[in-house]
């Protein structure tokens, strides 16, 4: 049964339709990605599913008692609340449930026949199992470490950055594990290692999830279904992002084939219409109207097909990495660079050359110094040591704060500051609307002030403005943040065709794989490693190396344990008092357990004596007693063997 169903819902703002007769069914254990342009209705759909937004038409149905939680774009925390307290506050109910379960477990050890306690124990067991809440403290510690919040755990949340606050809110939601989790751009402000941890948690813990993301690898790794919002309609595709692209291509081919058939029919019908045989008679008016409708459809279809084809071609392009190195001039030469910030060494002994047409990704954990390196290359930050030699070059810079935009100006004033309505792009004079249409801006946006635009729209304006200038080098800091996937595809097209050098910081693995020829990887402690692998390959190798290191460490611990055990054995000539006492007590304890197990078996042979809940409790207790008996028997055998070895 669906957790939430939307049936033929419609929603509009100021007479502008956002969603039109949309239906969606969210089933348990589904992880559904929502894709589409900014402004297409993705966040609106999320809020309707959450029950935060009323629909104009249609119906929203939700299962009784369902718990739906949504990650806000700007989390709110009470004043004076610390990081750990904020997360634990979200877990209060689950922790109380675990304490009650512990108390009842102790009581049942003395009064196992109490049916009221058994029923409550079963209810709490189901609750804790559903939310994965058996070891909340252990999970909390891991989330604090993986989201790099451990060092902030006793700081006031409201003093943290926006990105850090969002990680705190996300941590609380993940540990609660609601029936349905709604996430809007969850990977923003997360570095690659954090994103990989998030992917692991969402899949292993079997979350039911509806999410918006521009991170195409994230979608591909976790989505079981992808839904696309386009022109107010929903289209559903099974699987992740790669499956979505393949199925969309099949849809395109089917549309193209259908269009061919339509044209053939239209040709014969047009001939009939031109002949005018009784075309004006009443009985033929219906046929005439069908021909006119088909004509309109034929006009519309090629545009739809071309549009879809363009998006797919953008997505499927692969950059030819062969470059004529000898003909490229050097733009930067970095020698023995050292950068410090707040007493922390971010870069130590780094050297590299950046040539014309180089496309370099700068990757690494948050706070490792990536943006600091960009500022040093821009000349905004003086190195603490070493040299940065820079040629006579024009640099275009884009950062997340969009400093080049003036909120008081509209789009026409921004792109044509000296009047007129045309911009120069790559030596061509283009009407500003024609240019901005490439960045998915409709004509009515030309008079809008920058200040009223959303974060994603401002990013699109800043990038479009950047590409109207002539530069030898582009330096971009997190350019894909707040962008939708169609806009990222457009950005990728511009960057792949850019003739100058490109340096960019990004956590978007798909974007890095597609654009970068090489990477500068911030490893920590001032170390920067240069790599010509794709980001995916690099991360895969890093994971394998980490696994090998863990295996080696585990092996060393085993060897160390064997050595110390050997030393102890040589010195020891008899069992310790505790071991001797266990050897004496275990036989009677095992015998008592076996008696209880036999008694439980008798009870299980007569299931008609119990209700479903009671029978489940008996079965659980039977399994527990068997495990306990086996553990005690194993311990007894080990102690007996050790005694014989010492005495022998």
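The values are calculated or read from the model by the stated rules, or taken from the named source; none is laboratory data. Note that the coordinates shown come from a computational prediction; the quantities given were computed from them, not determined experimentally. Every residue, glycine as well, gets a Cβ built from its backbone with ideal geometry; the counts of neighbours run over all protein chains shown.
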* residue 344: buried (at least 17 other Cβ atoms within 10 Å of the Cβ) and either within 25 Å of residue 484 (Cα to Cα) or more than 29 Å from the chain's Cα centre (by Cα) (or both), yes or no? -> no
* Quick check: anything in region 445-460 in a loop (DSSP other than H, G, I, E, B) and buried (at least 16 other Cβ atoms within 10 Å of the Cβ)? -> yes
* Can you run down the residue pairs with Cβ atoms below 7 Å, 6 or more apart or on separate chains, where the first is in region 123-135 and free of Cβ contacts under 8 Å to residues at least 60 places away in the same chain and assigned by TED's automatic domain parsing to the domain that holds residue 100 and the partner is part of a loop (DSSP other than H, G, I, E, B) and surrounded by fewer than 16 Cβ atoms within 10 Å (Cβ to Cβ)? => 128/134
* To do: Of the numbered conditions (1) more than 30 Å from the chain's Cα centre (by Cα); (2) more than 28 Å from residue 503 (Cβ to Cβ), residue 406 fails exactly one; give the number of that condition.
  => (2)
* Asked: Of the numbered conditions (1) within 19 Å of residue 33 (Cα to Cα); (2) buried (at least 18 other Cβ atoms within 10 Å of the Cβ); (3) under 13 Å from the mean Cα position of the chain (by Cα), residue 200 satisfies every one except a single condition; which is it?
  -> (2)
* When both residues are 6+ apart or on different chains and their Cβ atoms are under 7 Å apart, which pairs have a first residue that lies in region 147-168 and is under 14 Å from residue 74 (Cα atoms), and a second that is surrounded by fewer than 14 Cβ atoms within 10 Å (Cβ to Cβ)? -> 158/79
* **Residue among 463, 491, 496, 483 that alone is part of a helix (DSSP H, G or I), within 26 Å of the chain's Cα centre (by Cα) and within 22 Å of residue 184 (Cα to Cα)** => 491
* For region 74-94, indicate whether the set of residues that are in the same structural domain as residue 228 (by TED's automatic domain parsing), closer than 30 Å to residue 622 by Cα and surrounded by 14 or more Cβ atoms within 10 Å (Cβ to Cβ) is non-empty. => yes
* Residue match in region 476-491 (condition: more than 12 Å from residue 415 (Cβ to Cβ), without any contact (Cβ under 8 Å) to a residue 60 or more places away in the chain and touching a helix residue (DSSP H, G or I) at 6+ places or on another chain (Cβ under 7 Å)) -> yes
* Structure fact -> Flagged in region 110-134 as under 30 Å from residue 204 (Cβ atoms), part of a loop (DSSP other than H, G, I, E, B) and out of contact with any helix residue (DSSP H, G or I) (no Cβ under 7 Å at 6 or more places or on another chain), in numbering order, are 132
* If you go through region 499-532 one residue at a time, how many are touching a residue at least 60 places away in the same chain (Cβ under 8 Å) and in a loop (DSSP other than H, G, I, E, B)? -> 9
* Asked: Can you tell me which of 117, 140, 149 is modelled with pLDDT under 90 and either surrounded by fewer than 20 Cβ atoms within 10 Å (Cβ to Cβ) or over 16 Å from the mean Cα position of the chain (by Cα) (or both)?
  -> 117
* Structure fact -> Checked 167, 142 against criteria (part of a helix (DSSP H, G or I) and within 30 Å of residue 39 (Cα to Cα)); the one match is 167
